[in-house]
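What follows is a single structure, written as structure tokens, with notes after it.
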Amino acid sequence: MKVLKFGGTSVGSPERMKKLLDIVDASQRQIVVLSAVSGTTNSLVEIGKAYLAGDKPKAALLIAALKDKYQFFIQELFAGEQYLAQGKEVIDYHFNLLSGLANDLFTNIEEKVILAQGELLSTTLYHVYLKEIGVPSVLLPALDFMKIDEDNEPVVDYITSHLTPLLEKHPENNLFITQGYICRNSFGEIDNLRRGGSDYTASLIGAGIRSEEVQIWTDIDGMHNNDPRIVKGTQPIAQLSFDEAAELAYFGAKILHPQSVFPAQRYKIPVRLLNTMDPQAKGTLITNESEKNKIKSIAAKDDITAIRIQSTRMLLAYGFLRRVFEVFERYKTSIDMITTSEVAVSLTIDDTTYIKDIEAELTTFGSVEIEKHQTIICVVGDFGTDKHGYAARVLEAIKHIPLRMISYGGSEHNLSLLVKTDEKTEALRSLHSRLF
Ligand code: ADP
Ligand code: ASP
Ligand code: MG
């Protein structure tokens with residue numbers, strides 16, 4: 001059984017939604033994961049912010065504007081009065097729920113309920129549309145099987161044990177529709193897998209049911225060798241290993257949610273990145289295989305903070321790094337890059353929630369310097385220890401750009417550089433023109 005995920009632009013208009021059946025083969029048993037209609041989650045984020053700020057009039061205006069969009073959407077999606085009326089009921093239900101939150105005490109629990117409405121709307125409307133055109137389908141509520149634990153980690157066994165019976169209930173049915181992004185947390189509350197999380201849903205379902213393949217359908221023909229929003233003339237990459245894809249996703253290639261590769265990797269499920277606007281294009285295939293002798297792709301991750309801890313006590317001391325890492329562990333802050341010298345260590349983080357506390361604790365070890373507005377540039381390719389010349393080519397390509405950190409040798413397929421965010425565009429362009 002395959003899992004097909006369609007992103008926001010792939011369901012972004014009634015025409016697009018109708019065209020999904022050019023790709024989805026209704027004669028095959030498969031699970032279709034849908035994102036919210038493009039722009040919806042951003043609007044829901046704004047509505048949540050308005051409520052949190054106590055600005056109910058602003059929330060009401062935002063809700064009304066979003067509802068208007070959906071009124072137009074259903075006018076075009078449905079042909080007959082009966083189904084248009086059903087569509088209207090769906091919209092009324094979800095928007096009444098959004099407006100109704102004005103009466104409650106508003107916390108981040110309610111905020112997550114708001115964020116979930118986008119995927120609930122898109123999947124329900126699509127389900128009603130399939131009914132109208134006479135294509136049988138079953139709508140599976142993701143909140144019944146998608147779960148994260150106390151550490152916000154998805155639980156694959158839970159997905160397997162809760163999704164399998166739902167599928168078995170409908171042995172005759174081929175097409176199953178479900179929501180990307182949304183889940184329940186360890187308290188049973190509505191939660192989500194973070195922005196862009198529908199990719200993660202697809203991969204988790206793929207892992208949960210040991211799917212034969214996961215397909216991520218989006219608005220571009222696969223993973224490109226550089227960020228197409230910044231660099232002209234980028235090219236799709238035909239084949240990537242799970243490790244390479246994970247690295248690119250984590251370091252900024254927006255086409256994939258950062259964690260979405262891991263469940264598929266664990267159960268060796270091939271992932272294909274495909275283009276809804278050009279279904280014949282080859283896209284990218286992600287498997288265990290890696291193409292050798294190649295620099296493959298470049299990605300960039302912004303909003304990075306660099307921290308340098310300098311200490312003469314570090315000289316010849318063992319246990320120093322452990323104590324430094326323990327500080328970050330206590331504040332549940334993960335470290336991306338690290339470089340060390342005999343008397344200093346530099347590292348980077350992207351989550352600065354606890355930066356003040358972290359800084360205060362690190363100061364007990366020595367002097368601490370913090371630099372914001374940094375960008376990690378990640379070059380992915382075959383950097384095996386038997387290779388020579390690749391690192392030199394990378395550094396040569398950006399010799400005119402000041403480098404704050406270089407990380408090489410952590411894995412065989414990545415070289416990371418830290419530059420000021422102001423230098424990012426030039427760094428990406430220069431690397432692109434010299435490496436590809
Ligand atoms: P969806 O809504 O389908 O999930 P996203 O907007 O999340 O789509 O991801 C697709 C977008 O990712 C592309 O339109 C492209 O602009 C952006 N992108 C960034 N880096 C890359 C890359 N290396 N390769 C392909 N797309 C990328
Ligand atoms: N709708 C969610 C978002 O915009 C999840 C997704 O599209 O993957 O982040
Ligand atoms: Mg996405």
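Using C-alpha pairs under 8 Å with a sequence gap of at least 6, the mean separation divided by the residue count of the chain gives a relative contact order of 13 percent. For region 266-274, the Karplus equation 6.51 cos²θ - 1.76 cosθ + 1.60, evaluated at θ = phi - 60°, returns couplings of 4, 9, 6, 9, x, 10, 10, 9, 10 Hz by residue, with Gly and Pro reported as x. Each other residue within a Cβ distance under 12 Å of Y200 adds +1 if Lys or Arg and -1 if Asp or Glu, for a net charge of +1. Using C-alpha pairs below 8 Å separated by at least 6 residues, the relative contact order for region 81-182 is 30 percent. As a rough guide to protection, the peptides 15-24, 243-252 ranked by mean Cβ packing within 10 Å, highest first, stand as 243-252, 15-24. Expressed as a fraction of 2.2 N^0.38 Å, the C-alpha radius of gyration for the chain is 1.06. Where does the Debye-calculated log10 I(q)/I(0) of region 53-104 sit at q = 0.15, 0.18, 0.21, 0.32 Å⁻¹, using only Cα point scatterers of equal weight, no solvent? Debye output, listed in q order: -0.46, -0.60, -0.74, -1.20.
Potential lengthening of the chain between Q75 and I230 amounts to 52.2 nm, from the contour at 0.36 nm per residue minus the alpha-carbon distance.
Here the relative contact order of region 1-114, from alpha carbon pairs under 8 Å that lie six or more residues apart, stands at 26 percent. Report note on the peptides 217-227, 2-12, 50-60: ranked by the mean count of other C-beta atoms within 10 Å, highest first, their order is 2-12, 217-227, 50-60.
The Rg/Rh ratio of region 1-121, with Rg taken over Cα atoms and Rh as the Kirkwood radius over Cα pairs, comes to 1.02.
For the chain, the longest principal axis of the C-alpha atoms and the axis of helix 320-330 are separated by about 20°. The GNM of the chain, with springs linking C-alpha atoms under 10 angstrom apart, assigns the highest mean-square fluctuation among I255, I230, I114 to I230. Under 1.5 on a/c is rounded, so check that first for region 367-435, then, if it is not, pick prolate when a/b is larger than b/c and oblate when it is not; a ≥ b ≥ c are the square roots of the alpha carbon gyration tensor eigenvalues. Since a/c reaches 1.5 but b/c is at least a/b, the shape of region 367-435 is classed as oblate. Is the shape of region 49-186 best called rounded, prolate or oblate, per the rule: a/c under 1.5 gives rounded, else a/b larger than b/c gives prolate, else oblate, with a ≥ b ≥ c the square roots of the Cα gyration tensor eigenvalues? Judged from the Cα gyration tensor, region 49-186 comes out oblate (a/c at least 1.5, b/c at or above a/b). For H257, the residues 5 or more places off, or on other chains, whose built amide H falls under 5 Å of its own are D199, Y200. Excluding V368 itself, calculate the net charge of residues whose Cβ lies under 10 Å from the Cβ of V368, where each Lys or Arg counts +1 and each Asp or Glu counts -1. Result for the neighbourhood of V368: -2. Computed from backbone phi, the HN-Hα couplings of region 132-140 come to 4, 8, x, 9, x, 7, 10, 8, 9 Hz, rounded to whole numbers (Karplus: 6.51 cos²θ - 1.76 cosθ + 1.60, θ = phi - 60°; Gly and Pro given as x).
All of the numbers you see were taken from the coordinates with simple rules; none came from a lab. These numbers come from a predicted model, not from an experiment. Here Cβ is always computed from backbone atoms with ideal geometry, including for glycine, and neighbour counts include all displayed protein chains.
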